[in-house]
1. If a residue has to be without any contact (Cβ under 8 Å) to a residue 24 or more places away in the chain and either aromatic (Phe, Trp, Tyr) or touching a Ser or Thr at 6+ places or on another chain (Cβ under 9 Å) (or both) to count, how many in region 31-56 make the cut?
2. Does Met93 meet the test of being at pLDDT 90 or above, closer than 14 Å to Asn122 by Cα and over 8 Å from the mean Cα position of the chain (by Cα)?
3. Out of (1) more than 30 Å from Lys35 (Cα to Cα); (2) crowded, with 18+ Cβ neighbours inside 10 Å, what's the single condition that is false for Lys68?
4. Tally the residues that are touching a helix residue (DSSP H, G or I) at 6+ places or on another chain (Cβ under 7 Å) and of a type in the set (D, E, K, R), restricting the search to region 42-76.
5. Collect the residues in region 88-111 that are among the aromatic types (Phe, Trp, Tyr) and in a loop (DSSP other than H, G, I, E, B), keeping them in residue-number order.
6. Kindly check whether there is at least one residue in region 44-51 that is part of a helix (DSSP H, G or I), under 25 Å from Val79 (Cβ atoms) and among the polar types (S, T, N, Q).
7. Of the residues that sit in region 112-149 and are touching a Gly at 6+ places or on another chain (Cβ under 9 Å) and assigned to a loop (DSSP other than H, G, I, E, B), which one is surrounded by the most Cβ atoms within 10 Å (Cβ to Cβ)?
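The values are calculated or read from the model by the stated rules, or taken from the named source; none is laboratory data. Predicted model only: the values in this text are computed from it and were never measured. For neighbour counting, all protein chains shown are included, and Cβ atoms are generated from backbone atoms with ideal geometry for every residue, glycine included.
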Amino acid sequence: MSDIKAKVIKASYDLQQRVGTGKIDEAVIQKAEVKLQENTEDFGPIATGFLEALAVAIAQAKKGEVSKEELLKSAVEPVMNLKANAKMFGYEMVTQMANVMLNFLEKIPELDGDAVAIIDANQKTLYAIIMKKMKGDGGDYGRMLEAELRGAVQRYMSKKNL
């Protein structure tokens, strides 16, 4: 673990006036939990939009049309959105795999063919999970997919001495 301490930043008076202060009422939290459990919205179209944006970034990277910085800008946002939203719709496996990919995107020092291949494989895997409506953690199959992604990332990092 790091010895770095989190810096606490006090909210401005203006922000406190808009959102309030103190703890959130337990009844409000329970009501929100019930709404999340009763959610019938289809995550497929939402996720597909994020995955298509990632596919465009990958295609540009394969053609050498974008720098690492530009790819990160265009790839991190959809991956972050997948990570943030998938679990609310019951796709824990998507959240986990998006988390692995987000960490990878933040650590790669350069955009090379191997890095693009890992990003591409992850995008295609996430797309298949969404299209097959594989909710939950995916069981043994989900753990295998996540382990394969982690393994690919680890091999890349070892190869690059990172």
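1. Count: 1.
2. When the stated conditions are applied, Met93 passes them.
3. It is condition (2) that Lys68 fails.
4. Selection size over region 42-76: 1.
5. Answer for region 88-111, where residues must be among the aromatic types (Phe, Trp, Tyr) and in a loop (DSSP other than H, G, I, E, B): just Tyr91.
6. Yes, that holds for at least one residue.
7. So, considering only residues that are touching a Gly at 6+ places or on another chain (Cβ under 9 Å) and assigned to a loop (DSSP other than H, G, I, E, B), the one surrounded by the most Cβ atoms within 10 Å (Cβ to Cβ) is Met134.
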